[in-house]
Amino acid sequence: QQQVKQSPQSLIVQKGGISIINCAYENTAFDYFPWYQQFPGKGPALLIAIRPDVSEKKEGRFTISFNKSAKQFSLHIMDSQPGDSATYFCAASIGAGAGSYQLTFGKGTKLSVIP
Amino acid sequence: DAGVTQSPTHLIKTRGQQVTLRCSPKSGHDTVSWYQQALGQGPQFIFQYYEEEERQRGNFPDRFSGHQFPNYSSELNVNALLLGDSALYLCASSSTLDTQYFGPGTRLTVL
């Protein structure tokens, strides 16, 4: 049973456009929702994270939108650049971001930003 | 400040062999988690070590075992390797006040 479902599997966006990746979760005990960026041959790097007490968090060109009632959250990348081309993973865990609990990952979205 | 480090970078083994992977956590972190990432998939949780004890375990067989040392570094051991064990093995370190940060991973190929 997949607890975090991520879509789309792949995404092609024009330079300067908006990239949107969506995730849905099932376990209502989850209270920490990070997004990771992974380049080929590298480990995942924490990009931005949100807790369910806020509906939106913005850091530079990256924004997380969170809908607790729908059990959905999404990543928006504004002004997408070719350097943003990578695989993005949503994840969820319990414990409000403290590292004591396992992360449950989505299957990933491969983003390609074309010039 | 060095982040999470892992060794070796790449490893090739044959079926039935045993392998040991190593991880050094980020400074200030006392918890180490291990994940398996198959090609084209998201990381899957194997287990977590804290105070030299296995604290949580994912859905992986007993062939997967680990250890944490007093300096918080950790090892992942896999016995009786199968072709399906070929993957990127990721170590993440954390603390009770800080989230998980990943190392670069060890690419294991089983032939």
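Laboratory data are not the source of any read-out in this text; all were calculated from the coordinates shown. Just so it is clear, the structure is predicted and the values come from calculations on it, not from any experiment. Positions of Cβ are backbone-derived with ideal geometry, glycine not excepted, and every protein chain shown enters the neighbour counts.
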Does any residue of region A:21-35 turn out to be at positive phi and in a loop (DSSP other than H, G, I, E, B)?
no
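One line per residue, one yes/no per condition, for (1) surrounded by 19 or more Cβ atoms within 10 Å (Cβ to Cβ); (2) farther than 16 Å from A:Phe39 by Cα; (3) within 14 Å of another protein chain (Cβ to nearest Cβ):
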residue	(1), (2), (3)
B:Gln36	yes, yes, yes
B:Asn59	no, yes, yes
B:Ser73	no, yes, no
B:Tyr101	yes, no, yes
Within region B:56-99, track down each residue that is outside any loop (DSSP other than H, G, I, E, B), under 13 Å from the mean Cα position of the chain (by Cα) and within 20 Å of B:Gly28 (Cβ to Cβ).
B:Gln68, B:Ser74, B:Leu90, B:Cys91, B:Ala92, B:Ser93
Please pick out the residue among B:Val4, B:Val78, B:Val110 that is touching a residue at least 12 places away in the same chain (Cβ under 8 Å) and at the interface with another protein chain (Cβ under 8 Å from one of its Cβ atoms).
B:Val4
